[in-house]
Amino acid sequence: MNKEEIKGKLKEYFGFSTFKGLQESVIQNVLDQKDSFVIMPTGGGKSLCYQLPALIQPGTSIVVSPLIALMKDQVDTIRGISTQDGVAHVLNSSLNKTAITQVKNDIRAGITKLLYVAPESLSKQENIDFFKSIHISFLAIDEAHCISEWGHDFRPEYRNLRLILEQFNQRVPIIALTATATPKVQEDIMKNLKITDAKVFKASFNRPNLYYEVRPKTSQVDSDIIRFIKQNENKSGIIYCLSRKRVEELAQTLQVNGINALPYHAGLDAKSRVDHQDRFLKDDCDIIVATIAFGMGIDKPDVRFVIHHDIPKSIESYYQETGRAGRDGGEGHCLAFYSYKDIEKLEKFMSGKPLAEQEIGMALLADMVGYAETSMSRRKFILHYFGEKFDNATGEGGDMDDNMRFPKKQVEAQNELEKLLNAVLQTKEKFKSKELVKTLKGETNALIISHKIQDLEIFGSGATQDKSYWMALIRQALVAGFLNKEIETYGIIRITDKGRNFLNSPQSFKMTEDHKYDQVENRQGISTNTSGTDTVLMKLLVGLRKKIAAANQIPPYAVFQEYSLEDMCLKYPITEEELVNINGVGEGKAKRYGAKFLELITQYVEENQILRPDDLVVKSTGVNSSLKLFLIQSVDRKLTLEDISAAKGMEMDKLISEMETIVFAGTKLNIDYYLEDLFDEDQLEELYDYFISSDSDSLDKAMEEFDGEYEEEELRLYRIKFMSEIAN
Ligand code: ADP
Ligand code: MG
């Protein structure tokens, strides 16, 4: 069949006049009975790469796919373009005897061109016997990344496909397809399927119309999301959360705030799921709040933004999920909220898993952290991850991320890069980034001591820079190609030829330091991010706070905390009601200290003719306020904190955070009864002296000051007592 004839079939069956991307050459390769490996982003048109040749060729093609729902959709599509229903079938365990006989008859009669099978069914002996007796045109493996443990969706049953195929007694060409494959995953798949000679078709992963942005995740994340949605009114968006519970809560909060949102997760009954998905597809609802259960096979072209309320477990997942934005080529905003606490939670989840799986999970997660914290081009970071080099000359989308639009200052790092590369060499290319950083900082652990690294010249030579500086430099040296990270060994760093050349003739190397979201995130996950805040007003507010604090003989933070002032600079409250809506301000404080602040802001807004975002007042669902009430009552009844946390099924850490929110907002909580057992008189005095004279309520600073004398939890509990008494 020549090119024109194949094109004719494309038109005849699918109604398209031209092929998309690499489709034509893939199809030619399949028709030539050769093995193919196709890597195309979601929406690239992978299905057609096997559907069209299956329809053209003699025999039946077998399609392996992990999701039964997706198989059914595809079967319906194919049946729709044919005169015979038998042209496509699903073979799985849910079929009864009669149905199975029908399927087999259609195949023998040469009617069936595509047979969709789940890997489990493929391995059944009776099916293997049947496959021996028919002519199989080729085997298509969709979502082939499921083969690799290094992929984001490993499925053990996928690893046996080759063995099964070898029992079919005929040579069957293979076409493997996936939307995400790092070089490592690609290699794994090809080895496992024994198709190392397959022709690889790899489309670019660059999605120039997507804008990537990461913001610190604070306790105000819901408000941040609401604000974003209100600024993007009537646009279609997906919000991903990790847990079903969070999906439900957030969807409710959005609804209460007048946003047309619906939840979607695997815990909903099938009818609601279908209904919510349909309404989203039909633009009957603007926002879908979902777990990762949502999206596979969803083909809505005009999704304008994808928000990640929680950071996903790997860059593969992130790329897949954000890939659902802007499929029509129009605007697509990908906004992720990031806090290191979430990463720790994910690590905790993983700790129950088998060791190998844990190590892989951690390595994938480490790259996700790298993405979130990096200050280099996010697009370059992603493309490098998938083994693709961003083309500086022609590469589109070069300025489409927060780091490129609002670049951090670049600093010269030639000397530091030399140190880093020397550290890699002197430690004999044995270490992962963590140990390299320790070596440079001059810190030891068991591994470092066992290799006698402390005797090396390089040890401690980078002590003047902090840890995050070195992590950032390692990442940027990786992307620039001076270093190489070995995935097989869970991230051992080696030097490349380019790196060796650099050491022979060092040149200027500019780097940007990473964002420090964890410092932004000092306590209770509250933001002190100053980007975008009104710095002029901030100065005025800080000045006013100082005056009021002095008059009341309390530290400034006991009046209003830093983040509350920052929130005022964003929202410009001018009434007491609006002030209460400010992060960390409760009614008590608004009454006590609010008037002067409102006066100042009102004047400022008038003088500078500032448009206030007064429609952005966020309402709460009331879930939190009932919890607060419960806490206040329980403390009143002098219940132990252990009992309270048990009663609400919440962790101690969460309980303390809630109590902090309460007292910082200006409500009293007398927990003296509980602290009696924790501190003696001297300690209470020492702690009081510290907090009353400190210019900051930072826990880190307090920890440093007391140098291990108190646990972090103890300091937080004391601080609750202090704030409750002094500031309320
Ligand atoms: P993938 O599996 O790569 O995510 P699909 O196979 O589901 O992508 O295809 C995505 C969309 O592209 C589908 O709506 C499909 O109809 C459409 N499509 C595929 N090939 C073509 C083509 N040659 N011309 C126009 N549209 C196409
Ligand atoms: Mg697909």
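The values are calculated or read from the model by the stated rules, or taken from the named source; none is laboratory data. Computed from a predicted structure; not experimentally measured. Every residue, glycine among them, receives a Cβ derived from its backbone with ideal geometry; neighbour counts consider all protein chains shown. For accessibility, only protein heavy atoms count, side chains too; no ligands or nucleic acids. Shrake-Rupley method; radii C 1.70, N 1.55, O 1.52, S 1.80 Å.
For Thr394 and Lys194, what is the calculated FRET efficiency with R₀ set at 25 Å and r taken between the beta-carbons, to the nearest 0.05?
The pair Thr394/Lys194 has a calculated efficiency of 0.10.
The phi-based Karplus calculation (6.51 cos²θ - 1.76 cosθ + 1.60; θ = phi - 60°) puts the 3J(HN,Hα) values of segment 166-179 at 5, 8, 7, 6, 7, 7, 10, x, 10, 10, 9, 9, 7, 9 Hz, whole numbers, x for Gly and Pro. For the peptides 441-454, 588-601, 302-315, residues were scored by their other Cβ atoms within 10 Å and the scores averaged per peptide; the highest-first order is 302-315, 588-601, 441-454. Considering Cα pairs under 8 angstrom that are at least six residues apart, work out the relative contact order of the chain and quote it in whole percent. Reported relative contact order: 10 percent. Cross-link partners of Lys571 among lysines, defined as those whose alpha carbon lies under 19 angstrom from its own and excluding same-chain residues fewer than eight positions apart: Lys217, Lys230, Lys539, Lys589, Lys591, Lys596, Lys619.
Mean silhouette area of segment 210-376, derived from the convex hull of its C-alpha atoms and averaged over all directions, reads 10.0 nm². Per-residue surface analysis assigns Ile458 an accessible area of about 10 Å², computed on protein heavy atoms at 1.4 Å probe radius.
Sequentially through segment 711-722, phi angles give Karplus couplings (6.51, -1.76, 1.60; θ = phi - 60°) of 6, 4, 4, 5, 5, 5, 5, 5, 4, 4, 4, 4 Hz, Gly and Pro residues having no value and appearing as x. Looking at the chain, the DSSP beta bridges with both ends there are about 15 percent antiparallel. The ratio of the alpha-carbon radius of gyration of segment 535-607 to the globular-protein estimate 2.2 N^0.38 Å is 0.97.
Which FRET efficiency, nearest 0.05, do Thr101 and Thr77 yield, Cβ-Cβ r, R0 22 Å?
Values: r = 25 Å, r/R0 = 1.12.
Efficiency computed from Cβ-Cβ geometry: 0.35.
Listed values for segment 230-245 are Karplus-derived 3J(HN,Hα) couplings in whole Hz (6.51 cos²θ - 1.76 cosθ + 1.60, θ = phi - 60°), namely 5, 7, 10, 4, 6, 9, 8, x, 10, 10, 9, 10, 7, 10, 4, 4, and x replaces Gly and Pro.
Note the full-extension length gain between Gln125 and Asn260 as 0.36 nm times their separation in residues minus their Cα-Cα distance, in nm to one decimal. Present the calculation step by step, with values, prior to reporting the outcome.
Numbers: separation 135, 0.36 × 135 = 48.60 nm, distance 5.07 nm.
Residue separation times 0.36 nm, minus the Cα-Cα distance, leaves 43.5 nm.
Protection proxy ranking of 404-414, 249-259, by the mean of other Cβ atoms within 10 Å over each peptide's residues and highest first, is 249-259, 404-414.
Each distinct pair of alpha carbons in the chain adds a 1/r term; the inverse of their mean, the Kirkwood radius, is 29.2 Å.
Skip the ligands, DNA and RNA, and give the accessible area per residue of segment 7-141 with a 1.4 Å probe, whole Å². Mind dumping the intermediate values first?
On the way: 5650 Å² over 135 residues.
For segment 7-141, the solvent-accessible area averages 42 Å² per residue.
Kirkwood hydrodynamic radius of segment 190-241 from all distinct Cα pairs, in Å?
Numbers: mean 1/r = 0.0645 Å⁻¹.
Over segment 190-241, the inverse of the mean reciprocal pair distance is 15.5 Å.
When the helices of the chain are scored as -39500 (n - 2.57) per DSSP H run of n ≥ 4 and the total is divided over every residue, the value at 222 nm lands at -14000 deg cm²/dmol.
Its residue count N fixes a reference of 2.2 N^0.38 Å for segment 410-512, and the Cα radius of gyration divided by that reference is 0.98.
Within segment 423-467, the percentage of alpha carbon pairs spaced more than 11 angstrom apart rounds to 58%. Given their separation in residues at 0.36 nm each and the Cα-Cα distance between them, Phe406 and Lys353 gain 15.1 nm when the chain is fully extended. Restricting the calculation to alpha carbons of segment 393-444 gives Rg and Dmax of 16.2, 46 angstrom. Straight-distance candidates among the lysines for linking to Lys428, with alpha-carbon spacing under 16 Å and chain neighbours fewer than 8 residues away dropped: Lys419, Lys438, Lys452, Lys485.
Pairs of C-alpha atoms in segment 3-202 farther apart than 26 Å represent 27 percent of all such pairs.
For segment 188-262, what does the accessible surface come to per residue with a 1.4 Å probe? Please give it in Å². Before the final figure, lay out each step's value.
Values: 3100 Å² over 75 residues.
Solvent-accessible surface per residue comes out at 41 Å².
Within a straight-line Cα-Cα reach of under 17 Å, Lys638 can be paired with the following lysines, leaving aside sequence neighbours fewer than 8 residues apart in one chain: Lys628, Lys648, Lys668, Lys721.
Residues whose amide H comes within less than 5 Å of that of Ile492, counting only those at least five positions distant or on another chain, are Glu486 (H built at 1.01 Å from N in the peptide plane). Amide H contacts for Leu483 (H built 1.01 Å from N in the peptide plane; partners 5 or more residues away or on another chain; cut-off under 5 Å): Leu478, Thr496.
When Rg is the radius of gyration of the Cα atoms in segment 115-216 and Rh is its Kirkwood radius, what does Rg/Rh come to? Write down the numbers at each step before the final one.
Values: Rg = 16.3 Å, Rh = 15.3 Å.
Rg/Rh: 1.07.
Surface composition of the chain: carbon plus sulfur atoms hold 49% of the accessible area, using a 1.4 angstrom probe and ignoring ligands, DNA and RNA.
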